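Student: First the structure, which I've put down as C-alpha cells, then a few questions once you've had a look.
The values are calculated or read from the model by the stated rules, or taken from the named source; none is laboratory data. Values in this document were obtained by computation on a predicted structure and should not be read as measured data. With ideal geometry, Cβ positions are generated from the backbone for all residues, glycine too; neighbour counts draw on all protein chains shown. These accessible areas exclude ligands, DNA and RNA; they are computed on the full protein's heavy atoms, side chains included. Shrake-Rupley method; radii C 1.70, N 1.55, O 1.52, S 1.80 Å.
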Amino acid sequence: VQLQASGGGLVQAGDSLRLSCTASAGNISTYAIGWFRQAPGKDREFVGKINWGGSRTDYDDSVKGRFTISRDNSKNMVYLQMNSLEPEDTAVYYCAARHYASPAREEELYGYWGQGTLVTVSS
C-alpha cells in the first residue's frame, strides 16, 4: 500500500484542521493506521491509532480530547481531526500502516509510511 498524508497548513491557535491519509495500491481496510508527528528538532512521536474497522482508537495524552481519528474504508481514507490546536502541535504529520495487525504506538512496528504534511500553528 502507498500512503499520502495531506491537509496540513498554517493555522492559528485554537483553530481546527483535518488531515487525510489516502491509500493507493492496496485496500486500506486490511491495515491498522497510526498517526505520528515530528516537530522541528525533535524525534518523531506517536499521536494516535485506529484499528481496521475503526471501532477502536487510542491517543497520546498530549492530544486526547482534542484529536479524533476516523476512517472510511470505502474511500480508502483515514482522517485525523485536530481541534483546539496549540503551537506545540506544530510538526510534520505522518500516517503509517500495519498490514493484518493491531495498531501500535511504536513506529518501528509500521511497515508502510506516507510522506508527511506540515502543520504550523501560530500563537
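Student: When ligands, DNA and RNA are left out and all protein chains stay put, how many square angstrom of accessible area per residue does region 71-123 have with a 1.4 Å probe?
Tutor: 50 Å²
Student: Relative contact order of the chain: what whole-number percent is it, with Cα pairs under 8 angstrom and at least 6 residues apart?
Tutor: The normalised contact order for the chain reaches 36 percent.
Student: Using the 2.2 N^0.38 Å rule of thumb for compact globular proteins, work out how region 66-123 stacks up: its C-alpha Rg over that value, please.
Tutor: Normalised Cα radius of gyration, region 66-123: 1.27.
Student: Quick check of the Kirkwood formula: for the chain, what is the inverse mean of 1/r over all pairs of different Cα atoms, in Å?
Tutor: 14.0 Å
Student: Further question: Mark the label point 7 Å from the Cα of residue 18 along Cα→Cβ and return the residues of region 37-74 whose backbone N is within less than 15 Å of it.
Tutor: Within reach of a label on residue 18: 67-74.
Student: With +1 on the Cβ of every Lys and Arg and -1 on the Cβ of every Asp and Glu, and nothing else charged, how large is the dipole of the chain about its Cα centre, in debye rounded to the nearest 20?
Tutor: Here the size comes out at about 380 debye.
Student: I need the calculated FRET efficiency for the pair residue 4 and residue 61, taking r as the beta carbon distance and R₀ as 30 Å, to the nearest 0.05.
Tutor: In this case the efficiency is close to 0.60.
Student: Let me ask something additional. Divide, for region 1-69, the radius of gyration over alpha carbons by 2.2 N^0.38 Å, where N is the residue count.
Tutor: In units of the 2.2 N^0.38 Å rule of thumb, it is 1.19.
Student: So, one more: Per the 1.4 Å probe, what fraction of the accessible area of region 34-123, in percent, lies on carbon and sulfur atoms?
Tutor: 45 percent
Student: How many angstrom lie between the Cα centre of region 84-116 and the Cα centre of region 24-53?
Tutor: Measuring centre to centre over Cα atoms gives 3 Å.
Student: List the lysines whose alpha-carbon lies under 22 Å from that of residue 64, not counting same-chain residues fewer than 8 positions away?
Tutor: Correct list for residue 64: 42, 49.
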